[in-house]
Amino acid sequence: MSTPSTSSSSGAMTDGFHLVIDALKLNDIHTIYGLPGIPITDLTRMAQAEGMRVISFRHEQNAGNAAAIAGFLTQKPGVCLTVSAPGFLNGLTALSNATTNCFPMILISGSSEREIVDLQQGDYEEMDQLAIAKPLCKAAFRVLHAEDIGVGIARAIRAAVSGRPGGVYLDLPAKLFSQEMDAAAGKASLIKVVDPAPRQLPAPDAIERAVALLKAAKKPLILLGKGAAYAQADADIRALVERSGIPYLPMSMAKGLLPDTHPQSAAAARSFVLPEADVVMLIGARLNWLLSHGKGKTWGGKDAKAWGGQKFIQIDISPQEMDSNVAIDAPIVGDIGSCVSALLAQVGQLSKPPAEWLNAIEERKTKNVSKMAETLAKDPVPMNFHSALNVVRDIFKAHPDTLLVNEGANALDFTRSIVDMYKPRKRLDVGTWGIMGIGMGFSVAAAVETGLPVIAIEGDSAFGFSGMEVETICRYNLPVCVVIMNNNGVYRGTDVNPTGGSDVAPTVFVKNARYDMLMQAFGGVGVNATTPAELRQGIEEALRSRKPTLINAVIDETAGTESGRITSLNPKKAAAA
Ligand code: FYN
Ligand code: ADP
Ligand code: MG
């Protein structure tokens with residue numbers, strides 16, 4: 001129990017501030033990502049005084065993204081703390097994104113006086129935050145009395161991590177923090193949450209149904225999603241893949257669950273295996289837009305074939321996920337750890353997939369890999385995405401424990417297919433929404449939570465959404481190396497204003513900007529890299545020194561396509577354009 005704020009003749013007293021801190025610590029939450037201001041400044045000070053790590057950001061959205069990815073990495077809710085109305089709204093994008101991605105986080109925002117807010121009398125930063133948060137997150141709570149803080153935090157933790165993880169909003173009005181109560185009663189009111197994310201065992205008949213489908217399969221495929229990465233059932237997932245002999249495809253953030261160089265990885269034959277497979281087993285992956293909803297044309301350019309009509313097995317903790325896009329023939333509802341271990345117990349019944357299937361995949365893989373090798377071997381001047389990312393690929397091979405944060409359009413798509421990951425939960429990216437702005441928030445939390453070095457591969461546009469956090473990275477002296485793929489604009493830097501007017505085109509930035517100087521402004525290391533050798537040296541030095549580093553990688557401004565691999569999502573241009 002932390003130092004009581006005051007004492008009275010009847011004994012020691014505590015207050016709302018300390019009860020919030022004590023409740024978090026009691027539940028093993030020791031880090032707050034946030035931004036101080038009215039009414040939570042003292043809370044951040046007291047939390048630090050009580051031994052919590054308080055990481056202050058420059059914008060709440062980045063603090064929120066940090067909390068969200070901390071949740072993904074640790075299976076404990078990441079906490080983001082903000083001020084009222086605007087601070088709350090800034091954090092809300094991250095809360096909503098966390099919910100969409102199934103990352104557990106708690107957004108705690110201070111709020112203004114209930115009496116004034118509810119009568120809409122115009123309080124300082126007046127806003128009915130609870131009502132606004134509700135539709136955008138998994139659960140939302142407000143605490144009005146100090147003696148309910150324990151329950152409020154316990155409910156928030158349970159809601160965030162149990163079942164399908166997600167974002168929770170906790171509204172703490174200013175008046176709550178200074179409410180006093182007897183310290184012993186306060187301590188007794190706190191709850192240490194027992195078994196916050198209970199295992200959910202799959203039904204035996206659900207396992208049987210899935211095994212029967214796998215037995216009959218001629219062209220089985222396993223699809224690993226970021227739910228599988230989150231579950232931390234790495235050894236069993238690997239054993240299931242290896243003992244069944246079934247080829248697998250990792251979704252973006254599932255890369256590295258098994259090393260990308262694994263012989264059973266079908267990543268390099270993606271647009272071939274999806275339509276060709278006859279039984280697809282999804283493990284913690286949803287049939288959303290990223291998988292073309294389990295039907296229709298798969299991603300892979302104009303030659304892509306349609307998929308659909310295959311049998312699906314889906315392992316997911318959320319029963320409602322089943323049949324969301326296409327019929328799921330064998331739903332397995334439960335936590336991934338329990339479901340995979342139940343399947344593993346039956347894996348002896350399966351025979352290895354037919355050689356024709358494995359050979360066909362191998363053939364396609366070999367073709368794509370050698371095409372890729374050819375492209376990577378080129379050394380154009382100026383650099384393009386491939387020649388720059390070839391360096392990053394080598395770096396991750398040599399330093400597989402490093403975390404990779406990745407956002408952009410081309411910077412995202414090329415990195416995903418070029419840079420192999422070797423270990424689970426090392427690749428953190430734009431996720432389900434394809435959101436821009438996660439870069440620096442994710443990087444800060446990845447470094448804080450793991451203590452390991454982080455390399456952020458950023459499009460020059462994507463970086464802009466959270467770029468001011470380079471100050472945060474320097475302030476906490478974090479081992480983060482930001483690499484900006486600088487091609488002078490969104491998608492590329494070559495668009496022109498068709499009117500000939502003096503404004504540049506909407507997608508174009510200042511030419512030849514020196515992003516490296518931003519890092520130098522705060523005492524970090526800045527490098528301007530115009531060749532792969534300079535880029536390699538810059539990253540290697542950053543990993544060696546663990547100093548905050550920003551490398552401005554000068555990329556050909558003609559390199560890059562509109563929206564990278566997802567060009568087709570842009571509405572068609574009018575014929576006249
Ligand atoms: C993959 N590939 C490889 C390798 N890995 N070739 C050789 N070697 C290796 N190691 C091939 C793979 O087979 C594909 O070719 C191609 O590279 C691309 O692979 P990827 O990236 O896995 O697959 P694809 O088709 O792009 O995946 C679809 C997707 C993905 C929608 C899941 O694009 C995605 O996650 N996109 C997110 C986009 C996003 O959020 N953008 C932010 C907004 S940008 P083929 O098999 O020949 O097709 C706003 O504008
Ligand atoms: P991807 O984008 O990689 O395909 P998604 O975020 O779409 O991944 O899917 C993740 C899925 O994993 C969600 O449907 C979620 O309910 C599920 N999930 C997350 N954690 C677990 C878990 N521990 N056990 C079972 N399912 C989980
Ligand atoms: Mg760009």
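Just so you know, all these numbers are worked out from the coordinates, no wet-lab data involved. Just so it is clear, the structure is predicted and the values come from calculations on it, not from any experiment. No Cβ is skipped: glycine too gets one built from the backbone with ideal geometry, and neighbour counts run over all protein chains shown.
A few remarks follow.
- Looking at region 434-490, the pairs of alpha carbons with a distance over 13 Å make up 56% of the total.
- Three-way shape call for region 6-189 based on the alpha-carbon gyration tensor, with the a/c threshold at 1.5: oblate
- Simple label model, 7 Å out from Cα along Cβ direction - residue 119 to residue 288, nm: 4.3 nm
- Considering only alpha-carbon pairs that sit under 8 angstrom and 6 or more positions apart, the relative contact order computed for region 6-189 is 26 percent.
- Extent along the principal axes, Cα only, for region 376-497: 42, 33, 28 Å, with the longest axis given first.
- Sorted by Cβ density within 10 Å, fewest first, the residues 499, 530, 93: 499, 530, 93
- Full-stretch length increase - residue 570, residue 200 - with 0.36 nm per residue and alpha-carbon distance subtracted: 129.1 nm
- Over the chain: helical MRE at 222 nm, DSSP H runs n ≥ 4 each giving -39500 (n - 2.57), nearest 500: -11500 deg cm²/dmol
- The calculated FRET efficiency for the pair residue 537 and residue 496, based on their C-beta separation and a Förster distance of 22 Å, comes to about 0.05.
- FRET efficiency, residue 131 to residue 379 (Cβ-Cβ, R0 56 Å, nearest 0.05): 0.45
- Modelled this way, with points 7 Å down the Cα-to-C-beta line, the labels at residue 371 and residue 192 are 5.7 nm from one another.
- Proximal lysines to residue 423, defined as alpha-carbon separation beneath 18 angstrom and excluding residues fewer than eight positions away on the same chain: 226, 255, 397
- Restricting attention to region 378-567, close to 5% of DSSP beta bridges with both partner residues there are antiparallel.
- Where labels lie 7 Å past Cα in the beta-carbon direction, separation of residue 398 and residue 212 in nm: 5.5 nm
- When the inverse distances between all different Cα atoms of the chain are averaged and flipped, the Kirkwood radius reads 25.2 angstrom.
- Remark: the residue 232-residue 504 segment gains 93.1 nm on full extension, using 0.36 nm per residue and subtracting the alpha carbon distance.
- Remark: relative contact order (region 378-567) = 26 percent; criterion is Cα-Cα distance under 8 angstrom and separation of 6 or more residues.
- Region 6-189 - share of DSSP beta bridges that are antiparallel (%, nearest 5): 20 percent
- Shape class for region 151-204, computed from the alpha carbon gyration tensor (a ≥ b ≥ c): oblate, with a/c not under 1.5 and a/b at or below b/c.
- Dividing the mean sequence gap of close Cα pairs (under 8 Å, 6+ apart) by how many residues the chain holds gives a relative contact order of 12 percent.
- Neighbour counts of C-beta atoms inside 10 Å place 341, 545, 387 in the sequence 545, 341, 387, starting with the fewest.
- Each DSSP beta bridge with both residues in the chain is either parallel or antiparallel, and the antiparallel ones are about 10%.
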